[in-house]
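**Q** Here's a structure for you.
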Amino acid sequence: MTKSNFKPTLQSIKMTRELTKILTENNLSEIQIEEGDIKIKLSRGTATVTDSYQVIESELNKRAITLNTKNSELTSESNGDQTSHLNAIKSPMVGTVYTRPSPDAEPFVKVNNKVKEGDTIVLIEAMKTFNSITATKSGTITNILIEDAQPVEFGDPLFTIE
């Protein structure tokens with residue numbers, strides 16, 4: 001349709017208002033819709049490259065936060081009550097967890113092993129450095145919540161001690 005023969009209808013006016021609202025609320029520069037014989041395209045002034053970059057970066061950050069939140073929820077759901085246990089020993093860093101000192105050695109700890117505060121219970125490799133993670137209190141290992149060579153994030157539960 002050209003501008004000269006366009007006759008607005010109530011439907012096209014309502015649609016235009018809704019599209020304008022969507023355009024503004026979502027900080028879009030252009031929106032287009034076709035419904036039957038009606039074709040509407042709305043545009044507003046283009047943003048500078050810097051503004052566009054900032055909008056994209058902001059949106060990516062929001063999505064990353066959303067993904068991290070969803071991943072945390074999934075981890076919590078998959079580990080059930082074990083991860084929310086008050087006696088969980090959590091990872092103090094991001095890295096790869098190793099449950100044994102070498103591939104052919106026995107694990108540092110097993111379920112029902114008694115440990116003393118300060119005993120090494122796992123290694124976490126971060127930036128090519130192996131870090132000993134120790135028991136934060138004396139007790140019995142009741143759950144092992146990780147597997148050997150598994151990546152872990154800061155705060156991920158590793159073990160529970162009773």
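**Q** Across region 1-30, what is the total count of residues that are loosely packed, with under 13 Cβ neighbours inside 10 Å, modelled with pLDDT of 75 or more and of a type in the set (Gly, Ala, Ser)?
**A** Of the residues in that region, 0 qualify.
**Q** With the structure loaded, tell me whether residue 79 is under 28 Å from the mean Cα position of the chain (by Cα) and at pLDDT below 55 or whether it fails that test.
**A** It is true that residue 79 is under 28 Å from the mean Cα position of the chain (by Cα) and at pLDDT below 55.
The values are calculated or read from the model by the stated rules, or taken from the named source; none is laboratory data. Remember, it's a predicted structure, so these values are computed and weren't measured experimentally. Cβ coordinates were reconstructed from backbone atoms using ideal geometry, including for glycine residues, and neighbour counts include every protein chain displayed.
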